[in-house]
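Notes follow once the structure below has been shown.
The values are calculated or read from the model by the stated rules, or taken from the named source; none is laboratory data. Keep in mind it's a predicted model, so treat the numbers as computed, not measured. When we count neighbours, we look across all protein chains shown, and the Cβ atoms used for this are built from the backbone with ideal geometry, even at glycine.
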Amino acid sequence: MNRELLRLRVQLGKDRTVVKNRIHALMAKNGVKHEFSDLFGVEGRIFLKEIELSESQRIALDVLLRQLESVDKEVEYVQKRIAIVAKGDEVVIILMTIPGIDYYSAMIIKNEIGEIERFPGYKELCSFAGLVPRVHQSGNTRWEGHITKEGNALLRWILIQAVHQVVRYPGELRKFYLRLKKQKGTKIAVVATARKLLRVIYCRLTRKESYRYERKALTESKLKRLEKTAC
C-alpha cells in the first residue's frame, strides 16, 4: 500500500505541474506579467483571480484555478497519509538526517530500495537505480558514456530531486558537486552527485547510523514538520 500511495503522490505532483504550466501559458498568451516570486502563493492566487481578461480567457483561467485547488486538496490528503506512515519509521528518520531529504523523499527511497541487505554493495544499488554509466569499448579502448537509465526510474528521479536540495548545504556532497560542475557542467555533476548520495544512503542504512554531516537543527525542523503534517 505504501508504494501505491507514494506513486499516487508523485502523479498528483505531476498533475499539479501540468495545471500550473497551463496557467503560465495562458498568462503569456494574454501578455500578462507579474513580479511574484511564487505566482501560486497566497498573493499570487489573489492576483490570478482578479486579472481582467476577455470573457473566454477569464473562464479558462477560472477553470484552471479550480483544477489547481482540487489537486492541492488531494495532495494535502495523500501527504498526510504518507506522513502518518513515515512517523517513527527508523529508516525514514535515518534518511532525514541527510540535508535535502525530507520524509516524503525518504519514504520513496525506502520503498523503492526495499531491504538494503539484498544489495551486496553500493555499486549494485547504483545499478538498480540506473545511475551507472554505460560502458563503450572498441578494441583496446574503453570509455564511459551517459547513465544507462535502465533501472528504477522513480528512485533515480527522487535522488536527482534530492541533489538539488542537498547541494545547498555545506558538506562533502556540495563540495563534490561544485568541483564537478566546474569541470564537466551541471548535468553531469547532478547525476554524479546523485550516485554519490546513493552511496551515502547505502552506508547509512547498512550501518543504521545518522549522516555524519547531519545538521541537527535542520533535522529537528524536518521532524517537527513531519509531526505537524501527520496530525
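The residues in the stretch 203-227 that are closer than 17 Å to Gly88 by Cβ, polar (S, T, N, Q) and in a helix (DSSP H, G or I) can be counted, and the count is 1. Evaluating Ile188 against the criteria (1) modelled with pLDDT under 95; (2) closer than 17 Å to Gln161 by Cα; (3) out of contact with any helix residue (DSSP H, G or I) (no Cβ under 7 Å at 6 or more places or on another chain) leaves one unmet condition, (3). So, in the stretch 1-40, exactly how many residues are of a type in the set (Asp, Glu) and over 30 Å from Gly114 (Cα atoms)? The qualifying residues number 2. Has the stretch 182-198 got any residue that is over 17 Å from the mean Cα position of the chain (by Cα), surrounded by 16 or more Cβ atoms within 10 Å (Cβ to Cβ) and not polar (S, T, N, Q)? Among the residues of the stretch 182-198, not one is over 17 Å from the mean Cα position of the chain (by Cα), surrounded by 16 or more Cβ atoms within 10 Å (Cβ to Cβ) and not polar (S, T, N, Q), which makes the answer no.
Glu172: at pLDDT below 95, more than 29 Å from Lys222 (Cα to Cα) and not small (Gly, Ala, Ser), yes or no? Judged against the criteria, Glu172 is not a match. The test for being under 20 Å from the mean Cα position of the chain (by Cα) and in a loop (DSSP other than H, G, I, E, B) holds for Glu150. Collect the residues in the stretch 56-102 that are free of Cβ contacts under 8 Å to residues at least 24 places away in the same chain and either in contact with an Asp or Glu (Cβ under 9 Å, 6 or more places away or on another chain) or not in a helix (DSSP H, G or I) (or both), keeping them in residue-number order. Arg58, Gly88, Asp89 - these are the residues of the stretch 56-102 that are free of Cβ contacts under 8 Å to residues at least 24 places away in the same chain and either in contact with an Asp or Glu (Cβ under 9 Å, 6 or more places away or on another chain) or not in a helix (DSSP H, G or I) (or both). Candidates are the residues of the stretch 16-31 that are farther than 14 Å from Arg45 by Cα and surrounded by 15 or more Cβ atoms within 10 Å (Cβ to Cβ); the one that is nearest to the chain's Cα centre (by Cα) is Arg16.
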